[in-house]
Amino acid sequence: MNASSLTPEAWQQFQALVPWFVNDTLAPEDRRRVAHLLSISARCRVELYEVIALADCVRGQTPTCDSSAGLDRLMKMV
């Protein structure tokens, strides 16, 4: 595969792996695969930046649910 051609299968595989790449939980072989795709594809690099931005957004959010909601539901079951 060269820089100008990213197969649909490679793109799909990249999309499946990139969230785990961002949170650093990929196996070494998959990490190398993602790094290779990043090195040859601008499309993959753009996707990586979007996933990083989304992860940063999620990390920065404060939970909005009532912290006692889960306990109340559990107590009704008991």
| query | Restricting attention to the stretch 16-29, which residues are open to solvent by 60 Å² or more (accessible area, probe 1.4 Å) and either part of a loop (DSSP other than H, G, I, E, B) or in contact (Cβ under 8 Å) with a residue 40 or more places away in the chain (or both)? | reply | 23, 24, 25
| said: Please go through the stretch 39-51 and give me each residue that is surrounded by 14 or more Cβ atoms within 10 Å (Cβ to Cβ) and assigned to a helix (DSSP H, G or I), ordered by number. | reply: 40, 44, 47, 48, 51
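Yes or no, residue by residue, for (1) at pLDDT below 95; (2) in a helix (DSSP H, G or I):
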| position | (1), (2) |
| --- | --- |
| 2 | yes, no |
| 5 | yes, no |
| 14 | no, yes |
| 31 | no, yes |
| 37 | no, yes |
| 55 | yes, yes |
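The values are calculated or read from the model by the stated rules, or taken from the named source; none is laboratory data. All of these numbers come straight from a predicted model, not from anything done at the bench. Heads up, the Cβs are rebuilt from the backbone with ideal geometry, glycines too, and the neighbour counts pull from every protein chain shown. Just the protein is used for accessible areas: all its heavy atoms, side chains included, with ligands, DNA and RNA removed. Shrake-Rupley method; radii C 1.70, N 1.55, O 1.52, S 1.80 Å.
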